[in-house]
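Peer 1: Pasting a structure below so you can have a look.
The values are calculated or read from the model by the stated rules, or taken from the named source; none is laboratory data. Everything numeric in this text was worked out from a predicted model, so none of it was measured. Cβ coordinates were reconstructed from backbone atoms using ideal geometry, including for glycine residues, and neighbour counts include every protein chain displayed. Accessible surface is based on the protein model in full, side chains and every heavy atom, while ligands, DNA and RNA are left aside. Shrake-Rupley method; radii C 1.70, N 1.55, O 1.52, S 1.80 Å.
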Amino acid sequence: DAKTTQPPSMDCAEGRAANLPCNHSTISGNEYVYWYRQIHSQGPQYIIHGLKNNETNEMASLIITEDRKSSTLILPHATLRDTAVYYCIVRVSSGSARQLTFGSGTQLTVLP
Amino acid sequence: DAGVTQSPTHLIKTRGQQVTLRCSPKSGHDTVSWYQQALGQGPQFIFQYYEEEERQRGNFPDRFSGHQFPNYSSELNVNALLLGDSALYLCASSLLSPSAYEQYFGPGTRLTVT
């Protein structure tokens, strides 16, 4: 699985959009970009994933650059409950059963 | 649906002892994965079980072993505990299907080895 690089921490004002970047310059054509988050004292939670097209669901949007070397997770209206560690993961296959390789993630703090 | 459940919530053991952690997957799921998360780090994959067989394994010693039961629940066993085994142990369940994309995590078991 390709390696990812994320900033260790970010702050965001409540109600504003949170844009979390991820660099995956060695991504292969068959590798997907996944995002999970982990709120303190809880297990990780799936947010969204994509291959090359931008994706949106009820939680967030995922923007993948055309060359697929980087992506941005967007939380459109961040709330205090979005404070968490966000993990960007790149792996082959959209199937859920393959192991997840977590890095250190980005600690997002939403400020009131 | 209770989601993924794990027991116990917390556990304190002494070096050299053995421990068993338990996991019940989300209803309808057939695959269980275990992860170890040391303080301040991301979760690290230990192994995965499907149809009562170990299907994948991460870079963990043989002291870590597991089991999956016919009802898909799973146990993680760690023998000869070391101080470095102190961590949050997470269980995740999923479906072994290419169309299934999400792993559901439990709240974890916090193991402290003294």
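Peer 1: Could you look through the range B:40-54, keep only residues that are part of a strand (DSSP E or B) and either at the interface with another protein chain (Cβ under 8 Å from one of its Cβ atoms) or among the small types (Gly, Ala, Ser) (or both), and pick out the one that is most open to solvent (accessible area, probe 1.4 Å)?
Peer 2: Among them, the one singled out is B:Gln44.
Peer 1: Given the conditions (1) farther than 19 Å from A:Gln6 by Cα; (2) away from every other protein chain (no Cβ under 11 Å); (3) touching a residue at least 24 places away in the same chain (Cβ under 8 Å), which single one is not true for A:Asn53?
Peer 2: That leaves (3) as the condition not met.
Peer 1: I would also like to ask the following. Please state which of the following conditions B:Thr14 fails to meet, knowing it meets all the rest: (1) within 13 Å of another protein chain (Cβ to nearest Cβ); (2) on the phi < 0 side of the Ramachandran plot; (3) open to solvent by 60 Å² or more (accessible area, probe 1.4 Å); (4) not acidic (Asp, Glu).
Peer 2: With respect to (1) within 13 Å of another protein chain (Cβ to nearest Cβ); (2) on the phi < 0 side of the Ramachandran plot; (3) open to solvent by 60 Å² or more (accessible area, probe 1.4 Å); (4) not acidic (Asp, Glu), B:Thr14 is out only on (1).
Peer 1: Within the range B:88-109, does at least one residue satisfy the condition of being open to solvent by 70 Å² or more (accessible area, probe 1.4 Å), assigned to a loop (DSSP other than H, G, I, E, B) and over 20 Å from A:Thr101 (Cα atoms)?
Peer 2: no
Peer 1: Next question, about the same structure. Scan the strands (runs of 3 or more DSSP E) fully inside the range A:57-112 and keep the ones with 3 or more residues being of a type in the set (Ser, Thr, Tyr).
Peer 2: Because the criterion is at least 3 residues that are of a type in the set (Ser, Thr, Tyr), the strands (runs of 3 or more DSSP E) in the range A:57-112 that meet it are A:70-75.
Peer 1: Follow-up. Quick check on A:Arg91: is it among the charged types (D, E, K, R), under 12 Å from the mean Cα position of the chain (by Cα) and within 28 Å of B:Tyr89 (Cβ to Cβ)?
Peer 2: In short, no.
Peer 1: Any chance you could count how many residues in the range B:1-28 are assigned to a loop (DSSP other than H, G, I, E, B) and either without any contact (Cβ under 8 Å) to a residue 60 or more places away in the chain or of a type in the set (A, V, I, L, M, F, W, C) (or both)?
Peer 2: Number satisfying all stated conditions: 4.
Peer 1: Working only within the range B:85-114, note down all residues that are under 16 Å from B:Pro43 (Cβ atoms) and free of Cβ contacts under 8 Å to residues at least 12 places away in the same chain.
Peer 2: B:Glu102
Peer 1: Consider the range B:68-85. How many of its residues are more than 14 Å from chain A (Cβ to nearest Cβ), assigned to a loop (DSSP other than H, G, I, E, B) and open to solvent by 40 Å² or more (accessible area, probe 1.4 Å)?
Peer 2: Residues that pass the stated criteria total 6.
Here is a yes/no grid of residues against (1) closer than 18 Å to B:Tyr104 by Cβ; (2) in contact with a His (Cβ under 9 Å, 6 or more places away or on another chain); (3) at pLDDT 95 or above; (4) open to solvent by 40 Å² or more (accessible area, probe 1.4 Å):
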site: A:Tyr36; (1), (2), (3), (4): yes, no, yes, no
site: A:Lys52; (1), (2), (3), (4): no, no, no, yes
site: A:Thr83; (1), (2), (3), (4): no, yes, yes, yes
site: A:Tyr86; (1), (2), (3), (4): yes, no, yes, no
site: A:Val90; (1), (2), (3), (4): no, yes, no, no
site: A:Leu108; (1), (2), (3), (4): no, no, yes, no
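Peer 1: Could you list all residues from the range B:17-39 that are exposed (fewer than 14 other Cβ atoms within 10 Å of the Cβ) and hydrophobic (A, V, I, L, M, F, W, C)?
Peer 2: Once the filter is applied, which keeps residues that are exposed (fewer than 14 other Cβ atoms within 10 Å of the Cβ) and hydrophobic (A, V, I, L, M, F, W, C), the range B:17-39 yields B:Ala38, B:Leu39.
Peer 1: Related question: What are the pairs with Cβ atoms under 6 angstrom where one residue, in the range A:7-33, is on the phi > 0 side of the Ramachandran plot and the other, located anywhere, is outside any strand (DSSP E or B)? Sequence gap at least six, or different chains.
Peer 2: A:Gly15/A:His77
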